[in-house]
Each structure stands twice: as C-alpha cells, then as structure tokens.
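Following: one structure in structure tokens, then a few remarks.
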Amino acid sequence: MAKESFDKEIQFLRMLVLTTGAYSRQQFAERLGISVHTFDKTLRKLKDIASSVHESAARAADADQDMELGDMLRYNRYETSDPLLMFLFRAKSLKETEIDRLSLLLGELHGKAMTAAELLDSCCSRLAADAALPDEKTIRSDLKYLEETGVIRKINSGRPARYQLHDDLIRELSADELQELYDYVDCMANTQLPSVQGYLLRDSLKSVLKQHQTGRDATEPFLYKYHYHSRILDEAHLYPLFEAIADRRMVSFIYFSPKSRRSYASRNTNPLFERKAKGVSERILPLRVVYDHQYGRWYLLGHNTRQGIMIFRMEGLTDLVLGEPVEEERFSRHLAELEAATANSWLVDTGRPVRVKARFYNPEVAPNQPNFVKERVQQQGQWGTITEDREDSFLYEITVNGHYEIKPWLRSFGSSCEVLEPAQLRREFIEEWKEMQHGYEPVREDY
C-alpha cells in the first residue's frame with residue numbers, strides 16, 4: 001500500500017472527472033481549497049506523472065503540449081486496468097529514490113536468498129555515484145515494507161534472516177494456467193468491487209504473460225466499462241479503516257460533507273497566508289464499511305462519544321489517522337447498537353421504520369419466457385416479500401428505515417412500478433413524474 005497520503009490529489013482527480021472541465025482555474029482552486037498557484041503546480045505534476053505512466057499519454061502530450069490532463073488519462077475508453085487510484089498509487093506510493101533502491105533489492109533477490117547486510121553492500125555498490133547511500137536501518141525498513149506487501153519472504157527463522165522473492169505462484173504455473181488465472185483476475189477486478197490489489201495482481205500477471213510470449217493477445221481478452229471509476233479513489237481509505245476495525249482502534253480525520261463547497265483544505269505553513277480549514281474534525285470508533293453498488297459510494301459507520309452512531313461518505317474523508325485501541329467490550333457494545341439501528345436500513349439510513357408497499361407490473365412476454373421484473377425484485381429486494389401475485393402484477397412490501405434510500409431503486413423500474421404506501425412517498429413520485437412530463441412537453445403548439 002502507499003507510504004504517503006495523497007488526499008489533495010484524490011480530491012483533485014475526483015473533481016476533474018466529475019466536472020470534466022466545467023470549472024475555471026480560479027473556481028477549481030476555490031472548490032478544492034487551495035491557491036491558483038498550488039492548482040497549477042499540482043496540475044503540472046500530475047501531467048508529468050501521466051506522461052511517465054502511460055506511453056500513449058506521453059506521445060499525445062508530446063504532440064500537444066497544451067493537452068488537458070483529463071484527455072491524457074482517457075487514452076482508452078474501454079481500458080480500466082489503470083483507473084485513477086492506480087494512477088495515484090503508482091505516482092505517490094514511493095519516492096524516486098525508493099523506487100531505485102527497491103528495484104535494486106528485488107533484482108538482487110531474483111533467484112537467490114540474501115541477508116540485509118549482503119543487500120546493503122550490493123545496493124551501495126550499484127547505486128549511482130551521486131546518489132545518497134542507504135544505511136542498514138533503511139535497508140531493513142525497505143525489507144519490512146516488501147515483506148508486508150507480500151513481495152518477499154523470510155526463508156529462515158534464525159539470525160541473520162535471509163530473504164527471497166515470493167514468486168512461487170508465478171514460477172509453478174504453466175503458461176496456460178497463468179493465462180486462465182489472468183482472465184479470472186481481469187474479470188473479477190473489472191466487474192466486482194473495484195480493487196487496487198486486484199489491478200496490481202492483474203498487471204503483474206500481464207507482465208509475466210508478455211515474457212512467456214504465448215502467441216495470443218493476453219492483455220486484452222475482454223473489454224469493460226466501469227461507470228463510477230472516480231469512486232475507486234475512495235478505496236485509498238478502505239484498508240486503513242479495515243485495519244482500524246480489525247484492531248478495534250479509534251480514527252480521526254477531517255470531513256467535508258457532500259453539501260460543503262470545498263472538498264479539501266490546504267496546509268499552509270506561512271502564517272500570513274494561513275486559512276481556516278472548512279472541514280470538520282472528527283474522531284470516531286469505526287464499526288463498519290458499507291458499499292452502495294447502485295451509486296458506487298462507500299460509507300463509513302462509526303460511534304462518536306458525544307453524538308452516538310455517525311455515518312460518513314468516504315469521498316469526504318481527508319487526513320485519516322489511526323488512533324489508540326479500545327476494549328473489546330466497548331467495540332461489541334457499539335456494534336450491537338449499530339446493528340439494532342440499521343436492522344431495517346435499505347443501506348445505512350437510521351431513520352424511523354416505515355412500511356413501503358408497491359405494485360410491480362409484469363412485462364408482456366411470450367409464454368415460458370422469464371419475468372425479468374419479478375426476478376430483479378426477488379434478487380435485489382433484500383428482506384421484502386411478495387404478498388400478492390396476480391397474472392398481470394404482484395404486490396411487494398418491505399419495512400425500511402425511511403424511504404429515502406429505497407426511492408432510487410423503485411424509480412429505476414419506471415412504469416413497471418406503482419408506489420402505493422406510504423402516502424408521502426407516493427406523492428413525491430407523482431410530483432417527480434409530473435415534473436418530468438413538463439420537461440418533455442413541446443415548446444411549440446405545432447411541434
């Protein structure tokens with residue numbers, strides 16, 4: 001995982017994707033909470049990174065020096081192996097000196113096992129003459145990092161410890177088996193929840209397959225299009241939160257709500273230019289992470305001492321820091337409170353339970369053809385039940401915490417769904433459809 005935080009770049013790229021050039025430099029900087037100078041500096045840096053990471057982007061940038069960063073990143077509309085979070089992980093996870101040093105360490109460990117002292121001597125002898133030479137503490141820190149990420153492993157428990165590459169999977173599989181594994185990882189990484197680890201494994205297998213030169217195009221077996229690729233950026237916070245939940249640890253962060261006009265606050269060291277952060281400082285015990293597949297959103301659910309159960313959109317989190325652990329009894333007590341509060345939540349709502357009743361109309365299909373409306377309701381309707389089944393329609397009922405979260409799902413059925421209860425939700429749907437009808441009315445009488 002990344003060694004450094006890159007909250008500013010995450011918010012920068014999210015706004016770039018969602019606004020697609022709708023903001024001016026000044027508006028973009030104000031929305032992000034940075035100066036125009038910092039905006040220009042960050043943009044130049046990201047352009048340099050895009051050029052170095054993507055060969056096609058580099059060629060396009062050479063041909064057009066004023067090319068927009070968004071166009072550089074959208075070099076292949078179907079390719080999702082390098083989404084924006086992967087772009088940032090490659091750009092910010094390691095410093096340039098660390099990349100050179102780790103590359104040397106991995107090269108030395110290829111095909112043999114070595115100790116930290118042996119690797120230090122080899123690394124110092126092979127680095128450039130003007131490069132800063134590492135000490136043993138730095139080499140051991142690098143080895144610990146590589147071991148934690150699963151790249152290398154210890155092969156003995158005694159001293160001195162010897163390390164070797166952890167590449168058994170690659171070495172023991174045949175070319176055909178590697179191809180099958182690549183196809184599976186490629187499919188999972190692009191059709192299930194977006195995952196940095198999945199894309200990293202996919203890219204590693206792609207490199208190995210290219211070395212095997214199997215004769216078929218191993219890198220493009222399928223085409224995908226993930227509609228919420230900007231939401232993959234939220235995964236930068238997932239694994240620290242998973243670690244905090246597993247270890248029962250508090251977390252603190254600066255939160256920018258979706259209603260806020262800013263999504264980031266600059267960290268100015270000069271007191272003459274210091275700005276007050278617009279985000280809210282939060283400190284909670286994380287209890288659960290929830291993914292909304294319909295909108296591609298991540299939610300963090302936790303407990304605050306003063307306010308009780310709290311819900312945060314992951315896209316608003318910055319400056320995430322893990323804190324001290326808490327007692328297991330306290331964690332279990334708050335988790336039980338959360339489960340009780342969200343027992344009837346369509347997603348994460350903790351409002352008052354209401355009974356939703358809707359009639360779904362069956363599609364006009366040929367005999368013995370599947371009823372795709374009923375199949376979808378049965379698959380996605382969670383704990384709701386079909387209480388009445390007629391030839392032309394069926395009645396669906398469910399108790400949920402408020403109707404706000406289930407509303408988009410019901411709306412997605414269009415004319416195949418009629419909301420009956422509660423009366424307020426029915427009125428809201430009527431007003432929405434009236435507004436939609438008004439938008440499609442002809443502007444001329446003879447049209």
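The values are calculated or read from the model by the stated rules, or taken from the named source; none is laboratory data. Bear in mind the structure is a predicted one, so any value in this text is a computation, not a measurement. Glycine gets a Cβ as well: all are built from the backbone with ideal geometry, and neighbour counts include every protein chain shown. Just so you know, the surface numbers come from the protein's heavy atoms only, side chains and all, with ligands and any DNA or RNA stripped out. Shrake-Rupley method; radii C 1.70, N 1.55, O 1.52, S 1.80 Å.
Accessible area per residue was computed with a 1.4 Å probe on protein heavy atoms; Y182 scores about 0 Å².
In this simple spin-label model, placing a label point 7 Å from the Cα along the Cα-to-Cβ direction at both E428 and E148 gives a separation of 4.4 nm.
Each peptide in 33-46, 385-398 was scored by the mean count of other Cβ atoms within 10 Å over its residues; highest first, the order is 33-46, 385-398. A Förster distance of 35 Å, applied to the separation of the beta-carbon atoms of R159 and S103, puts the FRET efficiency at 0.85.
To the nearest 0.05, how large is the calculated FRET efficiency for Y184 and Y239 if R₀ is 35 Å and r is the Cβ-Cβ distance?
Numbers: r = 22 Å, r/R0 = 0.64.
The formula returns an efficiency of 0.95 here.
Considering only C-alpha atoms, what is the centroid distance from segment 151-171 to segment 101-122, in Å? Spelled out, the Cα-based centre of one part sits 11 Å from the other. Separation of the alpha carbons by more than 23 angstrom is noted, of K112/K154; K144/K206; K357/K407; K8/K41; K112/K144; K47/K210, for K144/K206; K47/K210.
Taking 10 °C and 1.306 mPa s as the conditions, I'd like the Stokes-Einstein D for segment 104-189 in µm²/s, using the Kirkwood hydrodynamic radius from alpha carbon pairs. If you can, show how the numbers build up before the last one.
On the way: Rh = 14.7 Å.
It comes out at roughly 108 µm²/s.
Starting from 0.36 nm per residue, how many nanometres of slack lie between S416 and E339 once their C-alpha separation is accounted for? Walk me through the intermediate numbers first.
Working: separation 77, 0.36 × 77 = 27.72 nm, distance 3.28 nm.
Gain on extension, S416 to E339, equals 24.4 nm.
Need one number: nm distance between label points at A22 and E364, each 7 Å from Cα along Cα→Cβ, rounded to one decimal. Each label point lies 7 Å from its Cα, and together they span 3.9 nm.
Taking Cβ atoms as reference points and 13 Å as the exclusive limit, the residues near P408 contribute a net charge of -2, counting Lys and Arg as +1 and Asp and Glu as -1. Estimated at the nearest 10 Å², the accessible area of E328 is 90 Å² with a 1.4 Å probe.
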